[in-house]
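S.K.: This structure is in structure tokens; I'll ask about it shortly.
Quick note: the coordinates plus some simple rules give every number you see, no bench work behind them. It should be emphasised that the depicted structure is a prediction, and the values quoted were computed from it without experimental measurement. We place every Cβ from the backbone using ideal geometry, glycine too, and count neighbours over all the protein chains shown.
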């Protein structure tokens, strides 16, 4: 019982840290999208993350384990799941705004729960079902406060991105047990980079912009470091570690609090405080507590 409580506590702590670092990427992307086409930002984000994380992975797991890793599986999970999901969320933010995209991601607990039920890694208990419901209510309350620039296509792309992210995160935690948390994240990022390269090549063939419209300065480089290494690299490592302790459904509850974190960061950049979004975040935090299973087990 004590081990289960410790696992739940550390798992939730990892999820909170993951969402805080993930939220930092939305304001950074807002700055970059002023001059970067989405496909260029997508590719640059993954290229920087892979360039830094692969050497770290080699040091942690060793060259032999890296060479024996399930690379073909990683191409599918990373390319289709993470790669496509990341690209869609960048386009969604281009069409809407940072807080709106974070709020739309509040469908993650429902999607993740359905994925776990379908895979047989979770049985639906009353407290978890109640937590999902309360989490959705919190997301709806936060959503009621938004004044998005444009919904429609942007909202649809954000929902698709969330579904792909939940599936890819569950597969990353499940399908590479021989790798460290850093290794699991990095190998799927490599798959995402392959997808990004294909998208950049295709966009160039169709005559689309694949380079920033202005020279890259120190501010943009700083924003790219935040967006690639903190909001994506570090955040995903923490999220995969959280899934290993809680499962993807419960870890994804924390995504509903991300709009609050984004709002706080945006407020530090001059935006106004929004009490309704703060209330929604508080309700989601309550949902996380309600959904905790006293017998927390490590998913298969």
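S.K.: Determine, for 113, 35, the number of other Cβ atoms within 10 Å of each Cβ, and report the residues in order from fewest to most.
M.R.: Going from least to most buried by this count: 35, 113.
S.K.: So between residue 279 and residue 51, what do we pick up on full extension, going 0.36 nm a residue minus the alpha carbon distance?
M.R.: Stretched out fully, the residue 279 to residue 51 stretch lengthens by 78.1 nm.
S.K.: Based on the mean of other Cβ atoms within 10 Å per residue, sort peptides 213-221, 76-84, 247-255 so the most packed one is first.
M.R.: 247-255, 76-84, 213-221
S.K.: So, one more: Obtain the radius of gyration and the Kirkwood radius of the chain from its C-alpha atoms and give Rg over Rh.
M.R.: My calculation of the ratio gives 0.96.
S.K.: Rounded to the nearest 0.05, what FRET efficiency is calculated for residue 175 and residue 211 with R0 set to 51 Å and r the Cβ-Cβ distance?
M.R.: My answer for the efficiency is 0.90.
S.K.: Compute from the Cα atoms of the range 154-293 the Rg and the Dmax, the latter being the longest Cα-Cα distance, and quote both in angstrom.
M.R.: 17.9, 52
S.K.: Could you tell me the largest-minus-smallest coordinate of the C-alpha atoms of the range 215-279 on each of the three principal axes, in descending order and whole angstroms?
M.R.: Cα extents, longest axis first: 42, 31, 13 Å.
S.K.: Mean separation of Cα pairs under 8 Å and 6+ residues apart, divided by the residue count of the chain: what relative contact order is that in percent?
M.R.: Reported as a whole number, the value is 41 percent.
S.K.: Now a separate question. Largest first and to the nearest Å, give the Cα extent of the range 1-99 along each principal axis.
M.R.: 47, 36, 22
S.K.: In vacuum, with every alpha carbon of the range 191-230 counted as one equal point scatterer, what does the Debye formula give for log10 I(q)/I(0) at q = 0.21 Å⁻¹? Two decimals, please.
M.R.: -0.84
S.K.: Say R0 is 30 Å: what FRET efficiency, to the nearest 0.05, do residue 198 and residue 268 get from their beta-carbon distance?
M.R.: 0.20
S.K.: Which ordering of 68, 73 is given by a fewest-first count of other beta-carbon atoms within 10 Å?
M.R.: Exposure proxy ranking, most exposed first: 68, 73.
S.K.: Go ahead and estimate [θ] at 222 nm for the chain from helices alone: -39,500 (n - 2.57) per DSSP H run with n ≥ 4, summed, over the residue count, rounded to 500.
M.R.: So the calculated ellipticity at 222 nm is -23000 deg cm²/dmol.
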